[in-house]
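The block underneath contains the structure these notes are about, expressed in structure tokens.
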Number of protein chains: 2
Amino acid sequence: MALSSPLLEQAVDQLATLPGVGRRTAMRFALELLRREPAEVVRLAEAIRRLREEVRFCQECCNISDRAVCEICSDPNRDRTLVCVVEDIRDVIAIENTRQFKGLYHVLGGVISPMDGIGPDDLNTKQLFERIAQGEVKEVVLALGATLEGDTTSFYLNRRIKEQGVDVSMIARGISVGGELENVDELTLGRSIMDRKPYEQSVKRG
Amino acid sequence: MALSSPLLEQAVDQLATLPGVGRRTAMRFALELLRREPAEVVRLAEAIRRLREEVRFCQECCNISDRAVCEICSDPNRDRTLVCVVEDIRDVIAIENTRQFKGLYHVLGGVISPMDGIGPDDLNTKQLFERIAQGEVKEVVLALGATLEGDTTSFYLNRRIKEQGVDVSMIARGISVGGELENVDELTLGRSIMDRKPYEQSVKRG
């Protein structure tokens, strides 16, 4: 697709670097931007630039935060002996929405993925081990995605954290609440049979 | 979704204004941008800002062009008596790729859409009528989408251009080349029966 304008070409090229955005969608974005007021477009460009240049991360949990220590880490009512390891801020939001977790978080900023050249040192693992070494943490809950990369990361973290003498647990995998058995994939169903629990223990939380 | 960072919140809000992008996708974009080098993110932000602030439009056909008169309009080999009216630059590229059209274009920059508050005066219609008034144009080909908005725009333009004493034609609608009848929707099939042509005339172009 040869365009009559290098400026348009450049904008399309850049927009097409966004995840899941091809050149067709990037072109749609660019044409839509051209229809807007210049001030509106500057607002978008500025928000993107400032996000990367000015955003800060919590010194303790590495979550995105505009303060040195995030709201969750500085909340005196949270259980500081329990740390839940997640991939990114979306997972923190998802778990917070369940209202089932009262400990702190540690945001890795990704998962180990040799295919993408991401090793443990590219993630916030060093901060996690240092945090555990301070002695306050008693249990680390691994809450990573049930993917190959998530499992690899959990495997690595479990080994390293066990060496530090701290308990490691992992969030449960099984059928969805409200789910019909016939719609569950085989792997999940098999796993949920392997991980079965005594009836009384299963229903006690309603 | 309450976020721990106004900067992130702002970036997500702004990215979610892109067409077809919801807050979930916008969040994915933002987290991906945070993983990149700052210089890369600045390049994206700059490309967006410059696109809107510095892009120029061809004086004649209103297409996006970094020159005062675009390549097509300044090509001496093109038929200046024939003008094809399209919605945007994507349509120009699509028609150019067919190599079936040797005239000039006129880019409207949209279609009439009362639902979105877009009337004829929000499009490049004035430039089109002025161009026709200069007397060189003998035929205007309407090549707008086969949608309610496209049809409304064609209806309006046909009436106005006829008043200027110039022929108006419209690109053909019918079944796709290579298409099976059983897969064609009823409206298109009905239209293709209404618009049938003598066999000899239909096959002469192979």
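The values are calculated or read from the model by the stated rules, or taken from the named source; none is laboratory data. Keep in mind that what you see is a predicted model, and the values were worked out from it rather than measured. As a convention, Cβ positions derive from the backbone with ideal geometry for all residues, glycine included, and neighbour counts pool all protein chains shown. Side chains are part of the model used for accessible areas, which takes the heavy atoms of the whole protein and leaves out ligands, DNA and RNA. Shrake-Rupley method; radii C 1.70, N 1.55, O 1.52, S 1.80 Å.
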Pair list, Cβ < 9 Å and 6+ apart or interchain, from segment A:79-92 residues that are assigned by TED's automatic domain parsing to the domain that holds residue A:120 to residues that are among the aromatic types (Phe, Trp, Tyr) and open to solvent by less than 10 Å² (accessible area, probe 1.4 Å):
A:83/A:105; A:84/A:105; A:85/A:105; A:86/A:105; A:91/A:105; A:92/A:105
Go through (1) assigned by TED's automatic domain parsing to the domain that holds residue A:160; (2) out of contact with any strand residue (DSSP E or B) (no Cβ under 8 Å at 6 or more places or on another chain) one by one and return the number of the condition residue A:112 breaks.
(2)
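Per-residue answers, yes or no, for (1) among the acidic types (Asp, Glu); (2) part of a helix (DSSP H, G or I); (3) touching a strand residue (DSSP E or B) at 6+ places or on another chain (Cβ under 8 Å); (4) within 22 Å of residue B:96 (Cα to Cα):
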position: B:128; (1), (2), (3), (4): no, yes, yes, yes
position: B:141; (1), (2), (3), (4): no, no, yes, yes
position: B:145; (1), (2), (3), (4): no, no, no, yes
position: B:162; (1), (2), (3), (4): no, yes, yes, no
position: B:169; (1), (2), (3), (4): no, no, yes, yes
position: B:178; (1), (2), (3), (4): no, no, no, yes
position: B:189; (1), (2), (3), (4): no, yes, no, no
position: B:192; (1), (2), (3), (4): no, yes, no, no
position: B:200; (1), (2), (3), (4): yes, yes, no, no
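Counting just the residues of segment A:94-108 that are within 13 Å of residue A:144 (Cβ to Cβ) and surrounded by 21 or more Cβ atoms within 10 Å (Cβ to Cβ), which one comes out farthest from the other protein chains (Cβ to nearest Cβ)?
Top of the filtered list is A:106.
For every residue, the table says whether it meets (1) over 18 Å from the mean Cα position of the chain (by Cα); (2) within 26 Å of residue B:4 (Cβ to Cβ); (3) at pLDDT below 95; (4) among the acidic types (Asp, Glu).
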{"position": "A:90", "(1), (2), (3), (4)": "no, yes, yes, no"}
{"position": "A:95", "(1), (2), (3), (4)": "no, yes, yes, no"}
{"position": "A:98", "(1), (2), (3), (4)": "no, yes, yes, no"}
{"position": "A:141", "(1), (2), (3), (4)": "no, yes, yes, no"}
{"position": "A:148", "(1), (2), (3), (4)": "no, no, yes, no"}
{"position": "A:171", "(1), (2), (3), (4)": "no, yes, yes, no"}
{"position": "A:191", "(1), (2), (3), (4)": "yes, no, yes, no"}
{"position": "A:205", "(1), (2), (3), (4)": "yes, no, yes, no"}
If you scan segment B:74-93, which residues turn out to be touching a strand residue (DSSP E or B) at 6+ places or on another chain (Cβ under 9 Å) and within 10 Å of chain A (Cβ to nearest Cβ)?
B:87, B:88, B:89, B:92
Using the structure shown, decide if residue B:110 is under 24 Å from residue B:174 (Cβ atoms), assigned to a loop (DSSP other than H, G, I, E, B) and of a type outside the set (Lys, Arg).
no
So for segment B:13-24 (the condition being closer than 30 Å to residue B:140 by Cβ and within 7 Å of chain A (Cβ to nearest Cβ)), does at least one residue qualify?
yes
Can you name every residue in segment B:147-172 that is under 22 Å from residue B:90 (Cβ atoms), out of contact with any Leu (no Cβ under 9 Å at 6 or more places or on another chain) and surrounded by fewer than 16 Cβ atoms within 10 Å (Cβ to Cβ)?
B:147, B:148, B:172
Looking only at segment A:47-64, count every residue that is within 7 Å of chain B (Cβ to nearest Cβ) and out of contact with any strand residue (DSSP E or B) (no Cβ under 8 Å at 6 or more places or on another chain) and tell me the total.
8
Set B:123, B:128: member being more than 14 Å from chain A (Cβ to nearest Cβ), hydrophobic (A, V, I, L, M, F, W, C) and farther than 20 Å from residue A:5 by Cα:
B:128
Is it the case, given these coordinates, that residue B:130 is open to solvent by 80 Å² or more (accessible area, probe 1.4 Å) and touching a Ser or Thr at 6+ places or on another chain (Cβ under 8 Å)?
no
